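A quick write-up on the structure given underneath.
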Amino acid sequence: MGVSPVVNRAPFLSILAALLAAAAVVVPAGNARVGALPTLFVNYTMNCTFTIVDDSGKRVTSIAPGTYQVYVQTPQVFADVDLSGIFDMTACKSFVQFQLTGPGVNLSTTLQQGDEDKDLLSANFQPNGTYTASDLNQPTVARATFSTTATGTPTPSTGAGNTSTGSSSSSKGSTQSSLVGSAVVPFRGNLAATVNASGKLTLTLKGKPVGTLKSGLYTFTVHDNSAKSGFTVQKLKSPATALTGVAYKGTHVKSIQLKAGQWTFFTPSGAKSYFIVAT
């Protein structure tokens with residue numbers, strides 16, 4: 001009978017262990033959690049004034065510099081309020097004209113001319129800055145200021161929730177769930193939208209045409225160079241959102257939560273372009 005040779009397996013085991021260790025380093029954890037952006041809640045009242053509070057419900061006077069969500073909401077859809085015989089600032093005369101400005105920030109919303117009761121924006125606040133929020137319906141009355149510290153980092157939202165006294169009402173013509181704390185809406189990036197003089201539309205992310213995006217919050221910066229075309233986005237079987245109107249010409253910035261599904265962007269008189277939002 002032949003004698004089987006003795007094989008020293010130690011080198012092979014060492015190599016296998018090294019390969020497994022390397023794989024453990026380069027394979028990312030599949031369940032890594034993306035931190036949610038902190039949120040500033042702009043809570044309107046029926047007399048067209050507002051307060052700004054943070055995730056804990058504390059009134060905002062000073063915050064750390066960084067990127068935040070700005071959640072503007074009214075107690076109900078202001079366009080639905082019957083203002084017959086009313087000449088004061090009830091329901092902001094049917095729609096808010098919110099504006100937030102300061103170093104590197106220029107946000108505004110009318111909540112779709114009062115047809116919505118909420119809007120989710122985003123802003124990157126610079127260090128050592130002073131920021132002013134106002135409603136242009138009565139800018140000397142509906143007004144708030146806050147500052148940013150020289151250093152520091154925003155605390156991610158804990159999902160503690162919005163402490164607003166406003167109700168969680170439905171938008172006109174559609175039903176929207178409340179974005180409590182906005183903890184489940186990660187900020188994904190900035191989209192560049194253009195409308196050229198002839199009415200042609202483009203939508204890009206980091207200079208590349210948009211094809212597929214991850215669901216989340218995106219900031220649209222629309223450069224509209226046509227007074228006869230506008231820029232509208234719409235999720236399939238959902239209400240459309242006009243970022244710039246047909247008669248508008250200029251630059252407009254707005255943040256939109258893009259949910260999973262098929263989306264289009266278009267001008268009312270033109271063809272639609274499609275992109276996909278994945279989970």
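Could you list, ordered by first residue, the pairs with Cβ atoms under 6 Å in which the first is in the range 205-231 and more than 19 Å from Thr244 (Cα to Cα) and assigned by TED's automatic domain parsing to the domain that holds Lys272 and the second is modelled with pLDDT under 90 and of a type in the set (Lys, Arg), at least 6 apart or interchain?
Every condition considered, the pairs that remain are Lys214/Arg188; Gly216/Arg188.
Tell me yes or no: at least one residue of the range 223-236 is at pLDDT 90 or above, among the polar types (S, T, N, Q) and closer than 19 Å to Asp119 by Cβ.
Checked the range 223-236: at least one residue is at pLDDT 90 or above, among the polar types (S, T, N, Q) and closer than 19 Å to Asp119 by Cβ.
Is one or more of the residues making up the range 83-105 touching a Pro at 6+ places or on another chain (Cβ under 7 Å), among the hydrophobic types (A, V, I, L, M, F, W, C) and part of a loop (DSSP other than H, G, I, E, B)?
Checked against the condition, which is being touching a Pro at 6+ places or on another chain (Cβ under 7 Å), among the hydrophobic types (A, V, I, L, M, F, W, C) and part of a loop (DSSP other than H, G, I, E, B), the range 83-105 yields no hits at all.
Using the structure shown, decide if Leu217 is in a strand (DSSP E or B), under 20 Å from Val72 (Cα atoms) and in contact with a Phe, Trp or Tyr (Cβ under 8 Å, 6 or more places away or on another chain). Write out each step before concluding.
Values: in a strand (DSSP E or B): yes; under 20 Å from Val72 (Cα atoms): yes; in contact with a Phe, Trp or Tyr (Cβ under 8 Å, 6 or more places away or on another chain): yes.
Here the answer is yes, as Leu217 does meet what is asked.
How many residues are among the basic types (Lys, Arg) and either at pLDDT 95 or above or not assigned by TED's automatic domain parsing to the domain that holds Thr145 (or both) when one looks only at the range 76-124?
Residues flagged as among the basic types (Lys, Arg) and either at pLDDT 95 or above or not assigned by TED's automatic domain parsing to the domain that holds Thr145 (or both) within the range 76-124 amount to 0.
Considering only the range 71-105, state which residues are closer than 30 Å to Thr149 by Cβ, crowded, with 23+ Cβ neighbours inside 10 Å and among the aliphatic types (A, V, I, L, M).
Within the range 71-105, Val72, Val96, Leu100 meet the criteria.
Given the residues Thr145, Thr110, which is the only one that is in contact with a Phe, Trp or Tyr (Cβ under 8 Å, 6 or more places away or on another chain) and over 25 Å from Gln257 (Cβ atoms)? Full working, then the answer.
Details: Thr110 fails: over 25 Å from Gln257 (Cβ atoms).
When all the criteria are applied, what remains is Thr145.
Being outside any loop (DSSP other than H, G, I, E, B), more than 24 Å from Pro239 (Cβ to Cβ) and either within 15 Å of the chain's Cα centre (by Cα) or not basic (Lys, Arg) (or both) is the requirement here; does Ala79 meet it?
Criteria not met by Ala79.
Any residue in the range 48-72 that's in the same structural domain as Pro154 (by TED's automatic domain parsing): show its pairings with residues that are among the β-branched types (Val, Ile, Thr) and in a loop (DSSP other than H, G, I, E, B) at Cβ separation under 6 Å, as long as the two are six or more apart or on different chains.
Final answer for the pair search is Ile52/Val60; Asp54/Val60; Gly57/Thr163; Ala64/Thr149; Ala64/Thr153.
Does any residue in the range 145-166 that is farther than 24 Å from Thr101 by Cβ and outside the structural domain of Thr132 (by TED's automatic domain parsing) come within less than 9 Å, Cβ to Cβ, of a residue that is modelled with pLDDT of 95 or more and part of a loop (DSSP other than H, G, I, E, B) six or more places away or on a different chain, and which pairs are these?
none
Listed here are the residues, each with its yes/no results for (1) over 17 Å from Phe50 (Cα atoms); (2) loosely packed, with under 13 Cβ neighbours inside 10 Å; (3) at pLDDT 90 or above.
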| site | (1), (2), (3) |
| --- | --- |
| Thr158 | yes, yes, no |
| Val185 | yes, no, no |
| Thr194 | yes, no, yes |
| Gly199 | yes, no, yes |
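The values are calculated or read from the model by the stated rules, or taken from the named source; none is laboratory data. Here the structure is a predicted model, which is why all the values come from computation and not from measurement. Here the Cβ is made from the backbone with ideal geometry for all residues, glycine too, and neighbour counts use every protein chain on show.
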